[in-house]
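Here the structure is laid out as structure tokens; the discussion comes afterwards.
Any read-out appearing in this document is the output of simple, stated calculations on the displayed coordinates, not a laboratory observation. None of these values were measured; they are calculated from a predicted model. Glycine also receives a Cβ, built like all others from the backbone with ideal geometry; neighbour counts cover every protein chain displayed.
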């Protein structure tokens with residue numbers, strides 16, 4: 001990379017946050033993304049209780065991810081990097097309130113409430129992302145965040161399914177999420193008061209990312225859209241392949257365990273390997289696994305492929321952060337990475353819905369492979385157009 005760095009990559013941009021501030025920000029960021037992990041369980045419980053239709057499950061989930069992504073992308077632009085404690089406290093209280101409101105409604109009202117709930121959640125995800133891009137070795141911090149959130153979601157799903165949703169129904173789960181929101185508001189008193197402004201490019205002083213930075217965001221969008229287009233159809237793919245009952249559940253469990261392993265490996269190797277070859281190799285391997293899913297392999301191969309898929313997913317995802325920084329050294333693109341990823345997560349299943357039928361869902365896997373190929377092409381294009389950028393501190 002020929003861009004001139006704004007600061008030593010081993011140092012924080014601005015004043016380093018305290019250990020307590022880092023922990024509080026991490027807690028808030030994990031709380032913000034929590035519904036993405038437990039949502040399928042709770043929305044499914046709402047359908048069983050007759051409070052949502054099957055179609056409204058997808059609509060509620062898609063709308064919440066969409067507003068989450070928009071909020072993650074726009075919070076910094078609209079509110080800046082000051083008064084972060086007030087932002088966290090308000091967002092935590094809003095999450096608690098909207099989860100409590102969810103307990104009292106159903107149908108389209110519930111869909112609307114979940115859409116609103118995505119806004120404070122996305123703002124908390126932005127908060128964590130804003131810290132990551134100012135950290136030394138941002139890819140390591142991105143890996144830590146992804147690993148912790150995956151582990152937290154895994155434990156939450158296990159606890160909710162066994163001890164909360166079964167005896168108390170969906171409202172028990174939303175009560176736990178409301179409590180998490182209240183705890184986030186308390187954590188808000190410990191988050192950093194403000195983050196330092198990001199540097200600006202001498203030849204591009206505007207507030208928007210450079211064109212190459214926007215392209216890197218497109219790669220993050222395609223990466224996540226490809227994954228979710230396939231992963232949302234894991235159970236139907238297993239069923240179409242004629243696997244024994246329960247195979248898909250085992251595949252999901254193996255994938256979650258592998259995701260934690262992949263994120264941990266990315267954390268340990270951050271700064272010790274070249275991120276570009278690692279990212280391209282991971283993307284190519286994931287595209288190949290998507291093509292394998294489309295071939296409806298036997299149960300053993302399906303389980304192995306699911307584990308590899310999950311591990312590669314969490315290993316490669318943090319590498320999108322150094323891609324965004326290399327594309328736009330001001331890090332303005334990197335701070336929008338979570339928003340682009342969440343928008344991809346909400347778009348992938350929607351695109352897949354157009355290429356599947358009740359009897360054949362292999363089109364989702366083929367679509368995912370194609371979109372991942374597009375992500376690879378964008379990464380290569382961003383790397384091929386690298387140039388020297390001179391940075392100056394923000395005013």
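For the reader, a short list of remarks on this structure follows.
- Fully extended contour minus Cα-Cα distance, from residue 295 to residue 354, at 0.36 nm per residue: 19.3 nm
- P(r) of the stretch 43-122 over all Cα-Cα pairs, binned every 10 Å from zero, in whole percent: 19, 45, 25, 10, 1
- Distance cut-off 29 Å, percentage of C-alpha pairs in the stretch 1-160 lying past it: 24 percent
- Cα centroids of the stretch 23-69 and the stretch 293-360: 18 Å apart.
- The mean of 1/r over all pairs of different alpha-carbon atoms in the stretch 129-214, once inverted, gives a Kirkwood hydrodynamic radius of 16.6 Å.
- Hydrodynamic radius (Kirkwood) for the stretch 11-68, which is based on Cα pairs only, to one decimal in Å: 13.7 Å
- Spin-label proximity, residue 109 to the stretch 45-89 - amide N less than 14 Å from point 7 Å beyond Cα toward beta carbon: 51-52
- Estimated at 0.36 nm per residue, the fully extended path between residue 23 and residue 11 surpasses their Cα-Cα distance by 2.5 nm.
- Residue 281-residue 194 FRET efficiency (beta carbon distance; Förster radius 41 Å; 0.05 resolution): 0.60
- Mean separation of Cα contacts under 8 Å (6+ apart) over length of the stretch 200-387, as relative contact order %: 45 percent
- Label corresponding to semi-axes √(5λ) of the Cα gyration tensor in Å when calculated from the structure given, among (i) 32, 27, 17; (ii) 35, 28, 22; (iii) 29, 28, 22: (i)
- Rg [Å, one decimal], Dmax [Å, integer] - the stretch 200-387, C-alpha atoms: 17.1, 60
- Ranked by how many other beta carbons lie within 10 Å on average, peptides 362-372, 284-294, 14-24, 216-226 from highest: 216-226, 362-372, 284-294, 14-24
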